[in-house]
Ligand SMILES: [Mn+2]
């Protein structure tokens, strides 16, 4: 389970590193704790931003091909939308070769119920929540197919600039954790044993608001973080440096 690759940002070395991770998975170079359930969950923000345009599909053709190779090799792919993918639709689903999920995915391992969310909905940011409800609302789902892709491309660039202006990525892990809304976390995890999220670009295991909360971590040039769940539902924090 992984997320926050932000492919397409800067020199796109995080995207290139993620490709190497996918190839390692496909070639069995990474030891799997649960070889009988080869499932990869991407919990959002795979892209720095996604718009439903032919250009976007073209840009990520190599990544899509690798994800489809992985599925052809017997892996199941699940994809949860992150805040950078709220404009996604059929083109993204076709590229990935799997359906788009939102706002949560639920899995059972033995008696343990594990919930996965991107994490943006668990942060204290009323403006972002307003934007989310707008983007994911029926009205937007209906109308976004009616507007030309250039509109979404433009809107995504503006939103990305605003997000960069907040400079949240330059904050320390502790400062980013301060954005977590304890009430939201407790509420969302009320009927599960563990909650796994991304969005906050750090890897950590926390006891927060009475919840067993795991942060998946992000991707940089040559360095990736992910979580692995074994048969009894134990969550393992993994990372690798590719030279
Ligand atoms: Mn995010």
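What follows draws every value from the coordinates through simple rules; no lab data is involved. Predicted model, so just to flag it, every value in this text is computed and none were measured. Ideal geometry is used to build each Cβ from the backbone, glycine not excepted, and the neighbour counts take in all protein chains shown.
Within segment 109-129, which residues have the backbone N less than 15 Å from the label spot 7 Å out from residue 183 along Cα→beta-carbon, could you tell me?
Correct set: 122-127, 129.
What is the spin-label model distance, in nm, from residue 23 to residue 108 if the labels are put 7 Å beyond Cα along the C-beta direction?
According to this spin-label approximation, the distance is 4.0 nm.
Under 17 Å from a point 7 Å along the Cα-to-Cβ line of residue 231: which residues of segment 35-70 have their amide N that close?
Within reach of a label on residue 231, which here means backbone N under 17 Å from a point 7 Å along Cα→Cβ, segment 35-70 contributes 35-39.
Please report, in cubic angstrom per residue, the volume enclosed by the convex hull of the alpha-carbon atoms of segment 1-40.
63
Stretch residue 55-residue 131 to full length: gain in nm at 0.36 nm per residue minus the Cα-Cα span?
24.9 nm
In nanometres, what is the gap between the two model label sites at residue 240 and residue 16, each 7 Å from Cα along Cα-to-Cβ?
Each label point lies 7 Å from its Cα, and together they span 1.8 nm.
Which whole-number percent is the relative contact order of segment 183-243 (Cα, under 8 Å, 6+ apart)?
Once divided by the residue count of segment 183-243, the mean separation gives 24 percent.
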